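> If you scroll down you'll find the structure; I have some questions about it.
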Amino acid sequence: MTTAPSSTRRYTSTETVRRPMTTAPSSGRHSSTSAGAVSRPPSRPQSLSFRQLLQQRLQKYQWTASFHVEMTGPVRNPLWSGSFWLGGTKIGQSSWHTTKDAAKEDAAKQALNWLNTYGYH
């Protein structure tokens, strides 16, 4: 005999628990605001990589690009080169780098320069 799934629903709620702020006896560095929250130094915005900027640009124009990577040299000490292709057109080619990520970044930078040159801002 099989039973039907239960039709009861569970609701959960979350409460914020505020605890009194304590500080070490010799340190008065912690400060609190009127709501009891700890003030923090302003955070710096992270800069975007060339690959992220290229991805944003490609999404803006609804394009799809492909990335090709090439390795040369011995396995213990490879050199990497990358290229970005937009359809059948190579829009970015990197020089040889010791890491794959560096090659991708260089190729993305070259691709962004190509797009800027031809007015795709």
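> With respect to the numbered conditions (1) in a helix (DSSP H, G or I); (2) surrounded by fewer than 18 Cβ atoms within 10 Å (Cβ to Cβ); (3) touching a Gly at 6+ places or on another chain (Cβ under 9 Å), which one is the sole condition not fulfilled by GLU70?
Failing condition for GLU70: (1).
> Consider only pairs whose beta carbons are under 6 Å apart and that are at least six residues apart or on different chains; among these, list those whose first residue lies in the stretch 57-72 and is closer than 14 Å to THR89 by Cα and without any contact (Cβ under 8 Å) to a residue 40 or more places away in the chain and whose second residue is among the hydroxyl-bearing types (Ser, Thr, Tyr) and part of a strand (DSSP E or B).
Cβ pairs passing all conditions: HIS68/SER83.
None of the figures in this text is laboratory data; all of them are computed from the coordinates on show. For clarity, every value in this text was computed on a predicted model and none was experimentally measured. Neighbour counts run over all protein chains shown; Cβ positions are idealised from the backbone, glycine included.
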